[in-house]
Amino acid sequence: MRVRVESLGLMAPGMAGWEAARPVLRGEQTLDQQDLPAFRPALLPPNERRRTTSLIKLALQTAEDALRDNRYTMSELASVFASSEGDGEVVDRICQSLTLPERPVSPTHFHNSVHNAPAGYWAIASHSRQFSTSLAAGPDTFAAGLIEAASVATGQQQPVLLICYDSALPSALAGRGYVDISFATAFLLTGSEDVSAPGCLQLELKAGTAHPPGLSRELATLREHNPAAAALPLLVALAKEETSELALPCHDHLTLQIGVEG
């Protein structure tokens, strides 16, 4: 499959936004892992924003970053939401409520607990009735999301917004999942037949187990503590605007081979 990366979004400690992240990804600046700011995605009306959790805000703020200079309206975009853990914050709140007399679970928390809650808020924000899917694949969630989004972009010839995100688990759940640091990235993808266009990706699934590409110590730490950060080698290649080849581990002893046109 061949797709073009139209625009990118990124939210991570020390990299709040794609433009701020590019010097870090290119190795021109060191990563200062400061806390992420409190997000207030302008995509959502105030009433809906008040009902959201930090995970939903992280996903939508990252989408907003990717859509800052794109040529499509939000309602045109299909979407893929990829998260390995889902919303640990709201799961923790529900579990705490279940330990109390009368089990006073908030209807809003219950509503937000489903894995496709961020996609639902995206639909409200974008007024989109286009294809949308929400998926999880453990440590291979980014690779699975990229394959899904690229399949839609090429098969349906439709622009697709891929958002891959996970938020640090609350203290009660710390160490019980994959995620210790918040990280999210977004790719706006379109199908491409141009074999030499910059920013294009050639994707191919192959048999065999890949070793994750090397990263700087700071970026490797992010990748170790958040499955969404498996995107970092690809983000580095795109930030450097260099032609390169890389391979990401995928499910069931498969490798996702990615050719990047600089």
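The values are calculated or read from the model by the stated rules, or taken from the named source; none is laboratory data. Please read these numbers as outputs of a predicted model, since none were measured by experiment. Glycine also receives a Cβ, built like all others from the backbone with ideal geometry; neighbour counts cover every protein chain displayed. These area figures cover heavy atoms from the full protein model, side chains too; ligands, DNA and RNA do not enter into them. Shrake-Rupley method; radii C 1.70, N 1.55, O 1.52, S 1.80 Å.
Quick rundown of the values:
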read-out: Inter-residue pairs, beta-carbon under 6 Å, first over 16 Å from A137 (Cβ atoms) and in the stretch 237-262, second basic (K, R), 6+ apart; value: A239/R22; A239/R26; K240/R26; Q257/K206
read-out: Count of the stretch 53-82 residues which are open to solvent by 20 Å² or more (accessible area, probe 1.4 Å) and part of a loop (DSSP other than H, G, I, E, B); value: 7
read-out: Condition check for T141: at pLDDT 95 or above, farther than 19 Å from H253 by Cα and of a type in the set (S, T, Y); value: no
read-out: Among (1) assigned to a loop (DSSP other than H, G, I, E, B); (2) among the charged types (D, E, K, R); (3) loosely packed, with under 15 Cβ neighbours inside 10 Å; (4) within 20 Å of the chain's Cα centre (by Cα), the one test that E85 misses; value: (3)
read-out: Flag for V105 being more than 27 Å from A144 (Cβ to Cβ), open to solvent by less than 60 Å² (accessible area, probe 1.4 Å) and not in a helix (DSSP H, G or I); value: yes
read-out: Scan of the stretch 235-262 for residues that are surrounded by fewer than 18 Cβ atoms within 10 Å (Cβ to Cβ) and among the charged types (D, E, K, R), ordered by number; value: K240, E241, E242, E245, D252
read-out: Qualifying positions in the stretch 1-50 - outside any loop (DSSP other than H, G, I, E, B) and surrounded by fewer than 17 Cβ atoms within 10 Å (Cβ to Cβ); value: E19, A20, P23, P46, N47, E48, R50
read-out: The stretch 175-203, residues that are at pLDDT 85 or above and among the aromatic types (F, W, Y); value: F183, F187
read-out: Among (1) outside any helix (DSSP H, G or I); (2) buried (at least 22 other Cβ atoms within 10 Å of the Cβ), the one test that Y178 misses; value: (2)
